[in-house]
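Visitor: Take this structure, written in structure tokens, and hold onto it; I'll ask about it next.
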Amino acid sequence: KNEVEQSPQNLTAQEGEFITINCSYSVGISALHWLQQHPGGGIVSLFMLSSGKKKHGRLIATINIQEKHSSLHITASHPRDSAVYICAVGTDKLIFGTGTRLQVFP
Amino acid sequence: DAGITQSPRYKITETGRQVTLMCHQTWSHSYMFWYRQDLGHGLRLIYYSAAADITDKGEVPDGYVVSRSKTENFPLTLESATRSQTSVYFCASSVFYTGELFFGEGSRLTVL
């Protein structure tokens, strides 16, 4: 079993929909990261969180340490949100999930 | 411009050749990392460096060599490229080991 599991692996949505991507992990962590990788390949850090919730624009990340689970929400999705979203957990190292591919259609 | 840059962005080489991928950052971050990204795998750490002249192996170091003589540069060398090293390579930097990562644009390497 992978230490970091993301679901779903693939997700399609219509513009305007509310989107949730999930990340579950099986190890103790110091922080959890959400990254975005656009079709062009570049990777950017969206959030780093160790408790509670963070919000940036239409993106919201939550984490439940007891449940070992995090969610990334996108409100009012837009085609430019189409990307691969990667969860990574920090222990004594960073462990990456394999990503969730999101496609948002107009 | 400030940031982290990789070169070359694309490289095709032959089995057995030496290849060096360059990485340069302007933030003076202590930590620098090399990852490879392959289908079906998450990003996998090849090598990292905590400071100039301090490097350590990651998850998949075999076949790779790194150096860090200056804080801002962290080149990755494939001494004798193999087909299994065909991949997309990402350099990243961070203030601390599990801190927020800042990625380069990636280098796509094909070994024929």
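The values are calculated or read from the model by the stated rules, or taken from the named source; none is laboratory data. Computed from a prediction, not measured in an experiment: that's the story for all the values here. Quick reminder, even Gly has a Cβ in these numbers, built from the backbone with ideal geometry, and neighbours come from all protein chains shown. Areas reflect the complete protein model, heavy atoms only, side chains present, ligands, DNA and RNA absent. Shrake-Rupley method; radii C 1.70, N 1.55, O 1.52, S 1.80 Å.
Visitor: Within segment B:88-97, is even one residue at pLDDT 95 or above, closer than 20 Å to B:VAL19 by Cα, assigned to a loop (DSSP other than H, G, I, E, B) and open to solvent by 10 Å² or more (accessible area, probe 1.4 Å)?
Guide: No: zero hits.
Visitor: Determine which member of the set A:ILE95, A:ILE21, A:ILE65, A:ILE29 is open to solvent by 60 Å² or more (accessible area, probe 1.4 Å) and either more than 12 Å from the chain's Cα centre (by Cα) or over 22 Å from B:ILE46 (Cβ atoms) (or both).
Guide: Values: A:ILE95 fails: open to solvent by 60 Å² or more (accessible area, probe 1.4 Å); A:ILE21 fails: open to solvent by 60 Å² or more (accessible area, probe 1.4 Å); A:ILE29 fails: open to solvent by 60 Å² or more (accessible area, probe 1.4 Å).
Criteria check complete, one pass: A:ILE65.
Visitor: Just need a number here: residues in segment B:15-67 that are of a type in the set (Gly, Ala, Ser), open to solvent by 50 Å² or more (accessible area, probe 1.4 Å) and out of contact with any strand residue (DSSP E or B) (no Cβ under 8 Å at 6 or more places or on another chain).
Guide: Residues meeting the conditions: 2.
Visitor: Among the listed residues B:THR71, B:THR86, B:THR77, identify the single one that is farther than 17 Å from B:MET32 by Cβ and more than 12 Å from chain A (Cβ to nearest Cβ).
Guide: B:THR86
Visitor: Being surrounded by 19 or more Cβ atoms within 10 Å (Cβ to Cβ), under 10 Å from the mean Cα position of the chain (by Cα) and not hydrophobic (A, V, I, L, M, F, W, C) is the filter here, so list the residues in segment A:68-85 that pass it.
Guide: Listed by number, the residues that qualify are A:SER70, A:TYR85.
Visitor: Report the residue count in segment A:55-101 for those that are assigned to a strand (DSSP E or B), touching a Ser or Thr at 6+ places or on another chain (Cβ under 6 Å) and either modelled with pLDDT of 95 or more or of a type in the set (Lys, Arg) (or both).
Guide: 6
Visitor: Which condition number in (1) in a loop (DSSP other than H, G, I, E, B); (2) in contact with a His (Cβ under 9 Å, 6 or more places away or on another chain); (3) free of Cβ contacts under 8 Å to residues at least 12 places away in the same chain is the one that A:GLY41 fails?
Guide: If we test A:GLY41 against (1) in a loop (DSSP other than H, G, I, E, B); (2) in contact with a His (Cβ under 9 Å, 6 or more places away or on another chain); (3) free of Cβ contacts under 8 Å to residues at least 12 places away in the same chain, just (2) comes out false.
Visitor: Could you list, in sequence order, the residues of segment B:11-53 that are within 14 Å of another protein chain (Cβ to nearest Cβ), closer than 21 Å to B:THR110 by Cα and among the hydroxyl-bearing types (Ser, Thr, Tyr)?
Guide: B:TYR35, B:TYR47
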